[in-house]
1. Taking the Cβ-Cβ separation of Asp207 and Asn61 as r and a Förster radius of 35 Å, what is the calculated FRET efficiency to the nearest 0.05?
2. Taking the highest mean first, how do the peptides 182-190, 220-228 order by number of other beta carbon atoms within 10 angstrom per residue?
3. If packing is taken as the average number of other Cβ atoms within 10 Å across a peptide's residues, how do 132-142, 79-89, 23-33 rank, most packed first?
4. Percentage of Cα-Cα pair distances in the range 183-284 greater than 16 Å, rounded to whole percent?
5. For a quick size check, give me the Cα extents of the chain along its three principal axes, largest first, whole Å.
6. From Cα pairs below 8 angstrom and at least 6 apart in sequence, can you work out the relative contact order of the chain, rounded to a whole percent?
7. Give the Cα extents of the range 73-141 along the principal axes, in whole Å, largest first.
8. Taking Cβ-Cβ under 4.7 Å as the only way to count a partner, pick out the unpartnered cysteines of the chain.
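FYI, it's all coordinate maths here, none of it is from the lab. These numbers come from a predicted model, not from an experiment. When we count neighbours, we look across all protein chains shown, and the Cβ atoms used for this are built from the backbone with ideal geometry, even at glycine.
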Amino acid sequence: MLLLWASVAGAATAYGEEISCAPVEITPGPTPADERVRDYPPVFEACDNGDESRLAIRRMNVDGEALLLTVDPQSLQTSLERAACWRCEETSDAAQAETRYLKALHPTQDSARPPALVNAGLIQGAGDGAFVTGDLCPTHKPLDRAFFEKLAAQGPHTPVALAVSGAWLAHHRADFAWLREKARTGALAITWASHSYSHPYVAGLPDRQNYFLRPGVDVDREIFETEKLIIAEGATPSVFFRFPGLVADSALLEHIRDRHLIPLGADSWLALGLRPRPGSIVLVHPNGNEPVGIKLFSRLMDTGAMPRPLRPLNEAR
Ligand SMILES: [Zn+2]
């Protein structure tokens with residue numbers, strides 16, 4: 001199996017070197033993200049390279065080169081592309097309404113009733129199996145690497161979605177590099193979601209005054225600074241955003257969707273005792289803050305109580 005992974009990685013490298021219009025891979029370095037990733041406006045453009053179509057949701061300049069963060073409107077897969085390789089024109093949610101991406105972004109069942117303050121958005125996936133998600137909220141504790149080894153032991157390309165906070169990433173660059181290496185070698189297939197930059201939280205305050213509902217939260221800054229950091233560290237942000245505490249009012253949900261991000265909840269936060277069922281979006285904290293959830297995850301996997309297969313979040317809706 002190791003040999004197979006090596007040959008796949010080699011082919012990808014050769015392909016990337018041959019074709020300059022292949023998706024861009026950023027190499028992490030000592031230069032601060034703010035100096036490498038500049039001019040980062042949200043856009044919504046329909047792009048074509050003569051071969052395939054994508055939707056661009058951000059433009060940026062990375063190390064002096066104009067890039068796009070693009071979304072495949074059917075698979076929801078994101079990639080960083082050289083702007084020079086694509087012809088783009090402005091589009092709208094209405095014009096793209098029939099794509100799988102826009103249907104996931106604006107699901108009809110959500111608009112029928114006012115959203116809950118906690119856990120709105122995508123909380124359960126379609127079909128069987130489970131969608132494993134891990135939140136990396138700010139902490140000084142080391143990454144729970146055993147959790148990821150456990151996932152990797154399930155087989156190559158085991159999917160997991162990680163909601164990264166910028167403040168975690170800024171202090172855990174080695175842990176992030178370790179995760180990227182797991183993805184590069186094909187041990188894990190990681191979907192990088194954003195979990196805000198500063199992850200505002202005051203212990204003891206009720207939800208409606210806490211997290212992103214604290215006064216003075218700059219939502220765009222929380223979104224974009226985290227995405228820029230993920231890019232500078234060599235990964236590609238996905239279309240998913242998880243609110244700190246899973247807390248958001250309807251204005252916040254609207255704001256996130258306006259930036260073309262799908263709010264990500266969870267129906268099986270293991271540490272809260274919510275058992276997974278088929279299609280569950282399972283939530284754990286592999287940042288060292290919630291060992292009880294990690295232990296439960298391990299036990300559910302070992303006893304066969306975790307619905308299988310583990311599936312990539314892009315398939316959830
Ligand atoms: Zn969190």
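1. 0.35
2. The most tightly packed comes first, giving 220-228, 182-190.
3. Highest to lowest by the protection proxy: 132-142, 79-89, 23-33.
4. Summing the P(r) tail past 16 Å for the range 183-284 gives 62 percent.
5. 49, 48, 39
6. Values: 631 pairs, mean separation 72.1, N = 317.
After rounding, I find 23 percent.
7. Cα spread of the range 73-141 along its principal axes, largest to smallest: 41, 40, 27 Å.
8. Cys137
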